[in-house]
Amino acid sequence: MKLRSVFLFFSVAVLGVALSQPVIPQEHGEAGHDSIHHETANQPMDEKKLVELSEIRRELACYCGCSLTVEDCLRSMRCSESAKLSRQVIDLSNTGKSKPEIIQAMVASYGETILSAPTKRGFNLAAWILPFAALGIGGLVVILVVKMWAAQSKPAGAPAATAKPALPTEPDPYSLRIEEELKRLEK
């Protein structure tokens, strides 16, 4: 069972590391990659620009209903929405806009719902804070409830747990017999 748990842990860790790495497309013409990742207007893109475009597409949510980022939807489903959004990102990048400017332009066109994660300011800050606050409050409630249950389960007149047990007033018949046997053996 332990070996199985260790294997599962390492499998999840390796998968997490693999999914957290940016995907850099292969050279143009390789199977499995379409030209939207590689070039536009017949101008090849350098690796730095490809990584930047990939990072931008990871910050944008696809509209096809898959609940993936544009980058992930392009890689797995290749829907028309992710291709359209990716093309817009590439076109904005080709006009010389920086990453924040591209994201702001996409938010201006589609609203904040285009972002894969809410912004960390204004009312959206609640989406970042409330889960942790709820977790903390829930933990405190559980601790208080457990303490109340522990207090209720202990009888009011019960002696403290550290008190020594009272000695019996009548001698135990087995103890008396053992003592007699020991005395007899000593003689």
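All of the numbers you see were taken from the coordinates with simple rules; none came from a lab. This structure is a prediction, so every number in the text was calculated from the model and none was measured. FYI the Cβ positions are ideal-geometry reconstructions off the backbone, even for glycines, and counts take in every protein chain you see.
A simple spin-label model places the labels of S109 and Y174 8.6 nm from each other, with each point 7 Å out along Cα-to-Cβ. With a threshold of 25 Å on the Cα-Cα distance, the over-threshold entries among K48/K97; K84/K120; K120/K147 are K84/K120; K120/K147. For the pair A127/L144, report the inter-label distance in nm, with labels modelled 7 Å from Cα in the Cβ direction. Label at A127, label at L144, 3.0 nm between them.
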